[in-house]
Amino acid sequence: MGALGAALGALGRYLWSGWAGATGLFCVAAAWQAGHEAYGTFILPAPLDTLRALAGLAGSPAFHAVALDTALRALAGFAVAAGCGSLLGVVAGYSFSAIRVLQPILTLILGVPPIAWIVLALIWFGASGGTVVATIVIAAVPIAFAGAVEGVATRDRTLEAMAQAFGAGALRRFRTVVVPHLVAHLFPAWTTTLGTAFKVAVMAELLANAGGVGGALARARANLDVAEAMAWVVLVVAMLLAVEYGVLHPVRAALERWRDAGVPWGVKR
Amino acid sequence: MRLAFKAVGHSFLGRTVLDGVSFTLAPAETVAIVGPSGCGKSTLLGIAAGLIEPLRGRVRREYARHAAVFQEPRLLPWRTARDNIAYGLELRGAGRRERHEVAARLARAVSLAAEDLDKYPVELSGGMRQRVAFARALAIDPEVVYFDEPFTALDVGLRRTLQDLVVDSARGRGFASLFVTHDLLEAVRIAHRVLVLAHRGGRIAGERAPPGLPGGRDERLVWETTERWRTEDALFAHVFDAEERDERRAA
Ligand SMILES: Nc1ncnc2c1ncn2[C@@H]1O[C@H](COP(=O)(O)OP(=O)(O)O)[C@@H](O)[C@H]1O
Ligand SMILES: [Mg+2]
């Protein structure tokens, strides 16, 4: 009963915190509306017109395929980048020599502008989803990697010694002592990785002419249809928000409930 | 015999911390190890508990399970007191029912309230955290318990209570223990034998046995023995002189 109550309480608090998030979004909408009124429909269509354009788009048969294309590419890129980056980061976090070898490689990868990766990926994969996913992975891997390295490197070694004194082998120590600490570093990194995945997906689609929302944006630009272009942007942002607040944050909140315990009453969100 | 050190030595980065350390720990015996800070007590305990591989000498262990209590509680912050107490059991593959039963029983044994079992370490006081750490050690029913200055951070009254708890548990459950401390009074109160580590050189300078048995010594005997050793016994004089000198230099 206690556990269920605590879980329901946490869920309630999470949903309630949605109001604060909505406040932020409405502030953006208000600024947007002000910009629209100052510069006119051609430069910045009104938020409501944009939503109407989005609703119009949603009615068209191709819409779902286009949105799904981008979402799947972004999520595939995110999954590969978060998976590989975190895995490499964990290994590197345990080994100083691995950090030293991998660090300059990452700096090198980060130093190459994403646009150059798109060109290279185009040559390797052609104008396809592969180009988009590959570009996402290359752009996003270093973020997840850095988060994992940081998490493992800052683990509490005295807790590890305790676990060892109680007979925990290396794998058990990793699971019971390192992973719960790692999570705190991985989730912020994954959030950034996810945002990068969606941004790079649209950019790569547009530049590689690989369909998806990026392709639709290119078409809207060619037709000088600003409302439609804005509608596509809103759609991508909505997808990102849905994944971040619908999946990542609740998982994190569930895993890190113990942190709330240390927060005094009245400070709890 | 539970534990035997034979000419154990260890160095960190070429600097000798322990050298030629030999002693044995009998079943149900409590051996205290005293010495000024920095003399290698924690290193010795780490070697005994298998956390540090000694560079020289041999360690023989004749038991199945040991547990440890450290100066800091070292509780897993993301686990409730209950799951912290049951940590060692979980590592041994005990089921949920058994873990909860044992945790509840040991919480009572170390005077933790039942409602504290659902709290996370951040919600517990320092004394309660150390009680949880002690309960975690007892939970696996160890034959040997290693203590590394477990009560140094606590106030005097609480320290007394927990010392009594250690003595009672050791007698009731029959575990042997190696108890590192730099509080001579504490050593005299709880131990069968007291080993003294030298200030420098990492050797055992000598050994003394307080009169009577742990738990059977009254406050006066403990106090007088401590004072006599501190003031009249050359073995302790050199240890604590060195410590005082260091403290004066630091101050
Ligand atoms: N991992 C380590 N690396 C290098 N030096 C260490 C390490 N652990 C302990 N030492 C050194 O060894 C000496 C003994 O340390 P320790 O056993 O912790 O002393 P005590 O517990 O008696 O205070 C100290 O001088 C300390 O600086
Ligand atoms: Mg120490």
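The values are calculated or read from the model by the stated rules, or taken from the named source; none is laboratory data. The model shown is predicted, which means the values in this text are computed figures rather than measured ones. Note that we place each Cβ from the backbone using ideal geometry, even for glycine, and neighbour counts take in every protein chain shown. Calculation scope for accessible area: heavy atoms of the full protein, side chains included, ligands and nucleic acids excluded. Shrake-Rupley method; radii C 1.70, N 1.55, O 1.52, S 1.80 Å.
Is at least one residue of segment A:60-70 of a type in the set (Ser, Thr, Tyr), surrounded by 16 or more Cβ atoms within 10 Å (Cβ to Cβ) and in contact (Cβ under 8 Å) with a residue 24 or more places away in the chain? Checked segment A:60-70: at least one residue is of a type in the set (Ser, Thr, Tyr), surrounded by 16 or more Cβ atoms within 10 Å (Cβ to Cβ) and in contact (Cβ under 8 Å) with a residue 24 or more places away in the chain. Taking each residue of segment B:180-203 that is within 14 Å of chain A (Cβ to nearest Cβ) and looking for partners that are away from ligand 1 (no atom under 13 Å from the Cβ) and part of a loop (DSSP other than H, G, I, E, B) with beta-carbon atoms closer than 6 Å, six or more apart or interchain, yields nothing.
Based on what the data block shows, is residue B:162 free of Cβ contacts under 8 Å to residues at least 40 places away in the same chain and crowded, with 17+ Cβ neighbours inside 10 Å? In short, yes. Between A:85, A:126, the distinction of being farther than 30 Å from residue A:154 by Cα and surrounded by 11 or more Cβ atoms within 10 Å (Cβ to Cβ) belongs to A:126 only. Annotation note: of B:170, B:137, B:104, the sole residue that is within 17 Å of the chain's Cα centre (by Cα), assigned by TED's automatic domain parsing to the domain that holds residue B:83 and part of a helix (DSSP H, G or I) is B:137. Summed over segment A:134-172, residues that are open to solvent by less than 50 Å² (accessible area, probe 1.4 Å) and within 11 Å of chain B (Cβ to nearest Cβ) total 9.
Of all residues in segment B:8-22, exactly one satisfies the criterion of being near ligand 1 (Cβ under 9 Å from one of its atoms), at pLDDT below 95 and not hydrophobic (A, V, I, L, M, F, W, C), namely B:15. A single member of B:44, B:55, B:3, B:25 is within 15 Å of ligand 1 (Cβ to nearest atom) and in contact (Cβ under 8 Å) with a residue 60 or more places away in the chain, and it is B:44.
Table: residues versus (1) more than 14 Å from every other protein chain (Cβ to nearest Cβ); (2) in contact (Cβ under 8 Å) with a residue 24 or more places away in the chain.
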residue	(1), (2)
B:141	no, yes
B:146	no, yes
B:156	yes, no
B:169	yes, yes
B:174	yes, yes
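When residue A:180 is tested against (1) away from chain B (no Cβ under 14 Å); (2) assigned to a helix (DSSP H, G or I), exactly one condition is not met: (1).
A count restricted to segment A:204-253 and to residues that are hydrophobic (A, V, I, L, M, F, W, C) and not in a helix (DSSP H, G or I) stands at 2. Of the helices (runs of 4 or more DSSP H) that lie entirely inside segment B:1-95, those containing 1 or more residues that are within 16 Å of ligand 2 (Cβ to nearest atom) and within 14 Å of another protein chain (Cβ to nearest Cβ) span B:41-48.
You will find that of B:228, B:171, the residue that is over 13 Å from residue B:30 (Cα atoms) and surrounded by fewer than 20 Cβ atoms within 10 Å (Cβ to Cβ) is B:228 and no other.
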